[in-house]
Amino acid sequence: MNNNETLIQFYNHLDADVGPYESHHKDRLQCKKGCSACCVDDLTVFEVEADHIVKNCSEVLQEIPHALGACAFLNADGACRIYAHRPYVCRTQGLPLRWFDDVDEQVVEFRDICSLNETEEPIETLGADLCWEIGPYEGRLVMLQMQKSGREMRRVSLRSLFERVDK
């Protein structure tokens with residue numbers, strides 16, 4: 001299986017696993033076509049995802065990127081021009097997110113949610129099982145990246161993908 005097929009399989013599993021979270025939080029989630037509050041300009045993806053976007057979205061990359069400040073892949077109405085091929089970070093945005101990081105030699109849990117979706121129970125009081133844990137799928141992406149290039153954590157700005165294509 002090539003990298004593109006492996007990444008598509010990864011996205012299929014991811015979307016299936018995200019589905020129950022979206023269902024559970026359906027009344028909370030304000031995310032819909034044109035909502036782009038989370039679609040900021042500084043998002044980065046692993047090279048394997050960047051290559052996938054370049055391979056599958058070459059027509060969009062021939063167009064002018066969205067103005068600075070928002071994701072380069074938004075159209076004038078705030079809709080994603082690469083939705084079917086959007087990266088991991090975009091597939092989980094809006095959900096209550098949780099992750100772990102080292103702080104002063106202790107592992108600390110962090111949580112975040114789009115401010116538009118903070119309409120119900122505070123994210124701090126949600127059960128851990130009701131928040132999407134970033135780490136496991138990010139770890140799978142690290143493995144895909146290593147299979148692709150042998151390098152672990154090279155990330156690419158989404159906006160920079162427009163520079164990769166001859167116009």
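Bear in mind these aren't lab numbers, they're just calculated from the coordinates by the rules spelled out. Fair warning: this is a prediction, and the values are worked out from it, not measured in the lab. Cβ sites come from the backbone with ideal geometry, for glycine too, and all protein chains shown count toward neighbours.
Quick rundown of the values:
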quantity	calculated
Prolate/oblate/rounded call for the chain, Cα gyration tensor, a/c under 1.5 rounded	oblate
DSSP-loop trypsin sites (Lys or Arg not before Pro) across region 1-56, with at most 14 other Cβ within 10 angstrom	K26, K32, K33
Cleavage-rule hits, GluC sites (Glu not before Pro), region 59-167, DSSP coil, Cβ neighbours within 10 Å at most 10	E105, E152
Cysteines in the chain that, by Cβ-Cβ distance, have no pairing candidate under 4.7 Å	C31, C35, C38, C57, C80, C90, C114, C131
Exposure proxy ranking, count of Cβ atoms within 10 Å, fewest first, for S23, S149	S23, S149
